[in-house]
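These notes are about the structure you will find just below.
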Amino acid sequence: MVLFFSGTGNSKFVAQKVAEILNDEARDISDYLKRKQIPDFTEDGVYVFVAPSYVSAPARAMIDFIDQATFPEGIKVYFLITCVASMGVSPEVAKRLSEKKGFKYMGSAQIDMPQNYIIYFKTKEADENFKIINNAIPQIENVAIQIKKGEKFKEKNNRRLELLFTDLVGDLYYKFFMKTKKFTVSDECISCGKCAVVCPFGNIKVEAGKPVWGDECTHCMGCINSCPKEAIEYGKGTVGKPRYPGPFDTLKKAKK
Ligand SMILES: Cc1cc2nc3c(=O)[nH]c(=O)nc-3n(C[C@H](O)[C@H](O)[C@H](O)COP(=O)(O)O)c2cc1C
Ligand code: SF4
Ligand code: SF4
């Protein structure tokens, strides 16, 4: 079973490619998050968790989901973390969670994908993203083959101090920075509802033809990047920046 959390599609792309090679299913955890459902997984076999790196650790939406859900005893688990620069202490976070859940931890691997954090960082133009995605494909195939063979990933030594620091920074960041107050929508909005569909928490409602944001947001950047009219901004920092439509659209447009 391959379970993924994804804001703009990078982790979904990785999950689907890995599932294809493993001849397995890739399941989006947002289907559970939107319904506030805590599942009880009964399928035996290997579990692969795919998520973006947020603040140098796996997105907490995925970590909290795994923590709350139930799984068969002693399953083997792999973590695949998509990021731009570094997955940080994701292996330590994944190992700690695996110990708590009684999983057999097989390792964490970093997959380099395009930047989606448009509100604070520079997003790249489509041709550069196209290259990054194409470079990631052999990385994805490589880890999928290792998983297929049942091999453990090679990892660095434990970094306990870094983990403590990242936990602390993450607590503050999630609490004080992951807010929706600065999202605005312009008159370009055509009321298509895509932003509402994309939000993994169902945090956006279209009211009187315009999106309205609730409070449950993890800054996944799905809404702002997916709007076909680029009608969503976050303060002034996103004005004029290229949107990242995700790997599927980036590859599709490049083929045309
Ligand atoms: C809230 C947030 C925090 C991020 N933090 C990091 C980070 O610490 N390190 C990094 O390399 N990339 C970071 N990124 C970039 C994403 O990890 C990267 O673009 C990822 O592949 C997005 O995956 P997705 O399309 O599946 O959501 C961050 C992105 C967001 C939205
Ligand atoms: S409101 Fe936007 S940024 Fe926040 S979780 Fe939903 S789609 Fe992601
Ligand atoms: S995706 Fe864009 S155009 Fe569609 S409803 Fe949302 S803001 Fe409006």
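The values are calculated or read from the model by the stated rules, or taken from the named source; none is laboratory data. Not measured: the values here are computed from a predicted model. Quick reminder, even Gly has a Cβ in these numbers, built from the backbone with ideal geometry, and neighbours come from all protein chains shown. Heavy atoms of the whole protein, side chains included, go into the accessibility calculation; ligands, DNA and RNA do not. Shrake-Rupley method; radii C 1.70, N 1.55, O 1.52, S 1.80 Å.
Phi-derived couplings, Karplus 6.51 cos²θ - 1.76 cosθ + 1.60 at θ = phi - 60°, listed residue by residue for segment 208-213: 6, x, 10, x, 10, 8 Hz, with x used for Gly and Pro. Entry comment: accessible area of segment 2-172 is 49 Å² per residue, from protein heavy atoms only and a probe of 1.4 Å.
With pairing defined as another cysteine C-beta under 4.7 Å, the cysteines of the chain that fail it are Cys83, Cys189, Cys192, Cys199, Cys217, Cys220, Cys227. Taking the average, over residues, of other Cβ atoms within 10 Å as the packing measure, peptides 14-27, 122-135 rank 14-27, 122-135 from highest down. Solvent-accessible surface of segment 182-256, averaged per residue with a 1.4 angstrom probe and all protein chains in place: 53 square angstrom.
Run the helix sum for the chain: -39,500 (n - 2.57) per DSSP H stretch of 4+ residues, divided by residue count, reported at 222 nm to the nearest 500 deg cm²/dmol.
Helix-only estimate at 222 nm: -12000 deg cm²/dmol.
When the chain is treated as a GNM with alpha-carbon contacts under 10 Å, the residue of Phe183, Phe201, Phe165 showing the greatest mean-square fluctuation is Phe165. Mean-square fluctuations from a GNM of the chain, with a 10 angstrom spring cutoff on Cα atoms, peak among Phe65, Phe13, Phe176 at Phe176. For segment 50-129, which semi-axes, largest first and in whole Å, follow from the square roots of 5 times the eigenvalues of its Cα gyration tensor? For segment 50-129, the semi-axes come out at 28, 12, 10 Å.
Tally Lys/Arg at +1 and Asp/Glu at -1 over every other residue whose Cβ is under 14 Å from the Cβ of Lys36; what's the total? Every neighbour counted, the sum reads -1.
Among the GluC sites (Glu not before Pro) within segment 36-104, those in coil by DSSP and having at most 10 neighbouring Cβ atoms inside 10 Å are Glu73. Compactness of the chain was expressed as the Cα radius of gyration divided by 2.2 N^0.38 Å, which yields 1.00. For the pairs Lys154/Lys179; Lys12/Lys229; Lys104/Lys124, note any where the Cα-Cα span goes beyond 28 Å. Too far apart for the 28 Å limit: Lys154/Lys179; Lys104/Lys124.
How large a share of the accessible area of the chain, in percent, is made up of carbon and sulfur atoms when the probe is 1.4 Å and the other protein chains stay in place?
Answer for the chain: carbon and sulfur cover 53 percent of the accessible area.
Report the local net charge at Ile75: Lys and Arg +1, Asp and Glu -1, summed over other residues whose C-beta lies under 10 Å from its C-beta.
Its environment carries a net charge of 0.
Here Lys34 is the anchor, and the aspartates and glutamates within straight C-alpha reach of less than 19 Å, apart from those fewer than 8 places off in the same chain, are Asp64, Asp67, Glu207, Asp215, Glu216. Net charge in the neighbourhood of Lys149 (other residues with Cβ under 15 Å of its Cβ; Lys, Arg +1, Asp, Glu -1) is +1.
Both radii come from the Cα set of segment 178-255: Rg as radius of gyration, Rh as Kirkwood radius; their ratio Rg/Rh reads 0.95. How big is the gap, in Å, between the Cα center of segment 73-92 and the Cα center of segment 128-203? Here the answer is 11 Å between Cα centres.
Among Val48, Val239, the sequence by solvent-accessible area, most first, with a 1.4 Å probe is Val239, Val48.
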